[in-house]
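No lab work stands behind these numbers, since they all come straight from the coordinates. Please read all numbers here as calculations on a predicted model, not as lab measurements. Here Cβ is always computed from backbone atoms with ideal geometry, including for glycine, and neighbour counts include all displayed protein chains.
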């Protein structure tokens, strides 16, 4: 990986990515949606070049890869017209279908696949509730209660499934698609005066799941320490997001 | 179809749906996301019972079918546990995979499927921009310019594809998933003093596409006259949405 470990920003020259047909992955290092794609790339051992994008001051050339300037995006230089794809779930499904890796991550059964896609979407209310707690200084008082209520769905579901992973005995698409937020929740113990952590009784099985997933090789390859997430959150509190903080020592 | 043509609301007793194993479709008659599912049900000639839900005052029992109280939902009474599915695109893909009908609507090629899913999502900015024009009395001044800019993407894309449908020579998933909003845009000629219509030059190929899709049998089976959409929009302007207006004569 010859590409620099820094976020390209407005005015940055276009990086010289080797013309070797290798997939290109556009990301912001703290973006949970981008991490979803990174997890699939790692789980399936898909060779790729990584280009980091500064989301506050996007480089002018980025619109060529992601029409709305969003991350994640991937580009497929080995295909005619070098198509680019956006939307984390669309990219995840495309990669899962195109790269067999150690087996499919999406369920083969159409009903189970639909149910898993719905479950992934059900994290959205928890994410909406916790975002002001992550990224603002004065979140609404009901943010954490709303977050916890939304998260109950996942404790109930892992309990109902009765398997170590949402994917069953093996890690699967739900596990990878929801993981990035579970990596970030522990940062709150460093940013909040209350040293907030998920309740060990209320989320018993979910926390067991979290500890298990944390050991997955693809997860370990993409993970950041919660203290680094906390440092980034603090830069967001000051409205001065520092993306490159990801590459600094703790 | 023995079920009543009315929207069930708070206090409505649970409808007696025949226990005949037939798929159940939960909808609000003016909901564009629900119409997506209705289009697939019709295109694939999938037998179904329709249950209309009042979204302002939802019946207490509806949460059993749609965990967040959303429409559309489908229920599959022929399967163990009678599972229910939500999210229009998830349902559309499930139905497309399970019911061959006259052929698949989603592209078989994973890359084209990903590109089509991304294109469907790109209607979202146009929808966000036009919603206040549909449903409020005093939309922001930049609503229509923003809407038109977002819609340019579709004029460019149908022109680039060079085929009568987004799906090619046959109607496909993009056509059906974006149609509901194109059915509603002409209502603005009745609700706005300007008698707004899409510009015939700027959206030349897209309007040609619209006229063609309007002739599709599944579209005709689900469509409402723009004057009925306009009547419904006016009830929303008064904050008194009248869903059953769909079943009244013009």
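For a Förster distance of 51 Å, can you work out the FRET efficiency between the beta-carbons of residue B:111 and residue A:197, rounded to the nearest 0.05?
Values: r = 43 Å, r/R0 = 0.84.
FRET efficiency, residue B:111 to residue A:197: 0.75.
Given N residues in the stretch A:78-121, what is its alpha carbon radius of gyration divided by 2.2 N^0.38 Å? List each step's numbers first, then the result.
On the way: Rg = 12.3 Å, N = 44, 2.2 N^0.38 = 9.3 Å.
In units of the 2.2 N^0.38 Å rule of thumb, it is 1.33.
Which whole number gives the average count of other chain Cβ atoms within 10 Å of the Cβ atoms across peptide B:60-73?
Numbers: counts 0, 0, 0, 0, 0, 0, 0, 3, 6, 0, 0, 0, 0, 0.
For peptide B:60-73, the averaged partner shielding equals 1.
Rounded, prolate or oblate for the stretch B:109-182? Axes are the square roots of the Cα gyration tensor eigenvalues, ordered a ≥ b ≥ c, and the cut-off for rounded is a/c under 1.5.
Values: a/c = 2.47, a/b = 2.28, b/c = 1.09.
It comes out prolate by the Cα gyration axes.
Considering every pair of different Cα atoms, what Kirkwood radius, in Å, is found for the stretch A:42-198? Can you show the working numbers first?
On the way: mean 1/r = 0.0555 Å⁻¹.
Hydrodynamic radius (Kirkwood, Cα pairs) of the stretch A:42-198 is 18.0 Å.
For residue B:45, place a label point 7 Å out from Cα along the Cα→Cβ vector, do the same in each other copy, and report the separations in nm, one decimal, smallest first.
4.8
Once the Cβ-Cβ distance between residue B:146 and residue A:152 is put in as r, and R0 is 41 Å, what FRET efficiency do you end up with, to the nearest 0.05?
On the way: r = 38 Å, r/R0 = 0.92.
In this case the efficiency is close to 0.60.
Divide by every residue of chain A the summed helix terms, -39500 (n - 2.57) for each DSSP H run of at least 4, and state the resulting mean residue ellipticity at 222 nm, rounded to the nearest 500 deg cm²/dmol. Can you show the working numbers first?
Numbers: 10 runs with 110 residues, N = 250.
The helix contribution divided over chain A gives -13500 deg cm²/dmol.
Distances from residue A:15 to the same residue in each other copy, label points 7 Å out along Cα→Cβ, in nm, shortest first?
List, nearest first: 5.4 nm.
How would A:76, B:105 line up from fewest to most surrounding beta-carbon atoms within 10 angstrom?
A:76, B:105
Relative to the present Cα-Cα distance, how much length would full extension add between residue A:212 and residue A:79 at 0.36 nm per residue of separation?
Values: separation 133, 0.36 × 133 = 47.88 nm, distance 3.72 nm.
Result for the pair: 44.2 nm of gain on full extension.
Counting other C-beta atoms within 10 Å, which of A:183, A:217 has the fewest, and how do the rest follow? Before the final figure, lay out the partial values.
Numbers: A:183 20, A:217 10.
Fewest-to-most ranking of A:183, A:217: A:217, A:183.
Anyone know which of B:75, B:35, B:208 comes out most mobile in the 10 Å Cα GNM of chain B?
Looking only at B:75, B:35, B:208, the biggest GNM fluctuation is shown by B:208.
Give the shape of the stretch B:110-247 as rounded, prolate or oblate, defined through the alpha-carbon gyration tensor: a ≥ b ≥ c are the square roots of its eigenvalues, a/c under 1.5 means rounded, and otherwise the shape is prolate if a/b is larger than b/c and oblate if not.
Values: a/c = 1.90, a/b = 1.49, b/c = 1.27.
Note, shape of the stretch B:110-247 comes out prolate.
Quick one: compute the contact order of chain B, relative version, from alpha carbon pairs under 8 angstrom and 6+ residues apart, as a percent.
On the way: 338 pairs, mean separation 48.2, N = 250.
In percent, rounded to a whole number, it is 19.
What do you get for Rg/Rh of the protein assembly as shown when both radii come from the Cα atoms and Rh is the Kirkwood radius? It would help to have the intermediate numbers written out before the result.
Values: Rg = 23.7 Å, Rh = 24.8 Å.
We get a ratio of 0.96 for the protein assembly as shown.
Could you state the per residue volume, in Å³, of the convex hull enclosing the Cα atoms of the stretch A:7-98? Numbers along the way, then the final one.
Numbers: hull volume 8.2 nm³, N = 92.
Hull volume over Cα atoms, normalised by residue count, gives 89 Å³.
Which of A:51, A:219, A:153 ends up with the largest GNM mean-square fluctuation for chain A, with Cα atoms connected below 10 Å?
Answer for the Gaussian network model of chain A: A:153.
Place a point 7 Å from the Cα of residue A:204 along the Cα-to-Cβ direction; which residues of the stretch A:161-180 have their backbone N under 18 Å from it?
A:161-165
Taking the beta-carbon count within 10 Å as an exposure proxy, list A:28, B:6 from fewest neighbours to most.
Ascending Cβ contact count within 10 Å gives the list B:6, A:28.
Please compute the average number of Cβ atoms from other chains found within 10 Å of each residue's Cβ in peptide A:105-114.
3
Using only atoms on other chains, find how many Cβ atoms lie within 10 Å of each Cβ of peptide B:117-126 and report the average.
Numbers: counts 8, 9, 0, 2, 5, 4, 0, 1, 1, 0.
Whole-number average of other-chain Cβ neighbours for B:117-126 is 3.
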